[in-house]
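Scroll down for the structure; my scribbles are underneath it.
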Amino acid sequence: MVRQIAILLFQIALAIGLGISGIRIASLVNGEATSVPAGLAANTELLWTTSPVRVDPLRQNYERIPTPPDLYPLKMHADQRLRVISSSRFTFKGEEFRLAGVEEIERNRVCTGPDGRRYACGLNAFKALQNRLRGRYLECRVVEASSPSSLECRINGQDVRALLQ
């Protein structure tokens, strides 16, 4: 039984090998092996060398494309320097910031749910922001330059406001 399986696998491998070599021989006969692969320039001898070549930057006429402006220029890592103050405010390196579009809820606020039960909504909102920011890398932009500055921030490309919902 094992011998029959081994013979079958060998025959399959042999058939595949013969098929590939047949295709290779046919492409050599048709001259496709000498053609330039798609996407490469016709004159690639100047790109690849076997010895070092001195490059003269003054003779290069490449178009210099400026880098696009950074939409989120403020970069912060939420480590020990970032401290959450409330549900929408935090400090980073001693400067206070406010998240634009996030409702300010007092930390000691108590809310009543639809079932009549009371819960610490202020503490929950504070902890939600703290947990979302902890250890993360924030990219922010100033929306309104006031005191404190109002920011739009994102973490890994996602808006922080969407993460808090």
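The values are calculated or read from the model by the stated rules, or taken from the named source; none is laboratory data. This is a predicted model, so every value here is computed, not measured. Here the Cβ is made from the backbone with ideal geometry for all residues, glycine too, and neighbour counts use every protein chain on show. Remember, those area values only see protein heavy atoms, side chains included, never the ligands or the DNA or RNA. Shrake-Rupley method; radii C 1.70, N 1.55, O 1.52, S 1.80 Å.
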Residue match in the range 56-73 (condition: open to solvent by less than 100 Å² (accessible area, probe 1.4 Å) and touching a residue at least 12 places away in the same chain (Cβ under 8 Å)): yes
Subset of the range 110-158 [surrounded by 13 or more Cβ atoms within 10 Å (Cβ to Cβ) and charged (D, E, K, R)]: Lys127, Arg132, Arg136, Glu139, Arg141, Glu152, Arg154
In the range 120-165, the residues that are touching a helix residue (DSSP H, G or I) at 6+ places or on another chain (Cβ under 6 Å) and free of Cβ contacts under 8 Å to residues at least 60 places away in the same chain: Arg132, Leu163
